[in-house]
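Here's the structure we're looking at; comments come further down.
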Amino acid sequence: MPPFTRHRALAVLGTVLIAAGTCLAAGCSTRSAGNDGGSGSTATSHQPQAGDATGGQDTVAADKAGIPWAPAGSATITPGIQTYTQGAGQCTANYVFVDGAGTVYLGQAAHCASSGQADQTNGCAAASLATGTSVDFNRDGSPISNGTTIGTGQLVYSSWLTMQQNGETDKNTCAYNDLALVRIAAENVGQVNPSLPYWGGPAGIDTTGLLLGGAVYSYGNSSLRGGFAGLSPQSGQSKPDDSATGGWTHAVISPTPGIPGDSGSAYLDRTGNALGTLSTLGISIPAINNIGDISHELAYARAHSGISGLTLVLGTESFTANR
């Protein structure tokens, strides 16, 4: 990674936690074939390092998932919703997932369940709340209120806890694998739609990495914005990938970067493919968001979570970049 400080940042009861040193934070990203790039730039090709223990595809079309999704216009539980993890902080959900049994999950960052300090960024050593922890899905959270709870779930997978249980030693996996899955309560599944607000998609999963200057799109929902939805849709450009990270992380700059509380939010490439999840904030000018690569994170979860047939659900709404 470039020589700037990285921070994990969470909004907790109206307090922003940012510590000095290298810290997990609010952001991360990738690209798809045909992505915009700067002159003479090249993409760093990367493939997930962990295999899928269950077999099958890593994505499923919404109409093939076997779930009666709520219409996008009326769904209340979607990517981009605020999550409040009991005993931790507020984050933003990324993608919707299903398993072979038809259970529905909402993704967030593993560090959203952190029980340690903000400078603990190594998921193979960082402290975390246990699986089974309750997670609320809220709207209109602000620095003075958690807003209205519209659904609940339970933390059932954390890349941090799983890596620690596995004795993971790969430095890139430990540093950048930052994905958690929240099982949505059965009574709330009828409120779910897998489309990213404002942009639509995801249309697939990016597996090729970002070109320099490639366009990226996200939707953050930090409670620090006080419910001002106009600041939630975000777009930006990619920095060149660092080949030393093995494709596990990508750096993005944008006019309105991800902030504390946006942690975990989804990023899409210019064609609407899922890029990754907002993980860390680089303290620099301009501010840099670092995005955990979803193709790597999902492959690790499929291989090690014990969730059979885990797949990312594509959006019911088409991706539109020019809005």
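The values are calculated or read from the model by the stated rules, or taken from the named source; none is laboratory data. Every value quoted in this text rests on a predicted model; they were computed, and no experiment measured them. Heads up, the Cβs are rebuilt from the backbone with ideal geometry, glycines too, and the neighbour counts pull from every protein chain shown. Surface areas here come from the heavy atoms of the whole protein model, side chains and all, with no ligands, DNA or RNA. Shrake-Rupley method; radii C 1.70, N 1.55, O 1.52, S 1.80 Å.
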- request: Sort the stretch 234-323 into rounded, prolate or oblate with this rule: let a ≥ b ≥ c be the square roots of the eigenvalues of the Cα gyration tensor; rounded if a/c is under 1.5, and if a/c is not under 1.5, prolate when a/b is larger than b/c, oblate otherwise.
  value: oblate
task: Kindly rank 119-125, 207-213 from highest to lowest mean number of other beta carbons found within 10 Å of each residue.
output: 207-213, 119-125
- prompt: How would you rank 94-106, 180-192, 159-171, highest first, on the average number of other Cβ atoms within 10 Å across their residues?
  reply: 94-106, 180-192, 159-171
message: Could you give the length gained by full extension between R323 and T149, i.e. 0.36 nm per residue of separation minus their alpha carbon distance, to one decimal place?
response: 59.7 nm
- request: Using a 1.4 Å probe over the heavy atoms of the protein chains, calculate the carbon and sulfur portion of the accessible area of the stretch 110-211 as a whole percent.
  value: 44
- request: Estimate the FRET efficiency between N172 and Q86 by the formula 1/(1 + (r/R0)^6), using the beta-carbon distance for r and 25 Å for R0, to the nearest 0.05.
  value: 0.25
query: Shape of the stretch 87-239 from its Cα gyration tensor (a ≥ b ≥ c, root eigenvalues): rounded if a/c is under 1.5, otherwise prolate when a/b > b/c, or oblate?
result: rounded
field: Interchain or long-range residues, amide H under 5 Å from Y157's placed H
entry: L181
- prompt: Could you give me the ³J(HN,Hα) list for the stretch 138-149, computed from phi with Karplus coefficients 6.51, -1.76, 1.60 and θ = phi - 60°, whole Hz, x at Gly and Pro?
  reply: 10, 10, 6, x, 9, x, 10, 7, 6, x, 9, 7
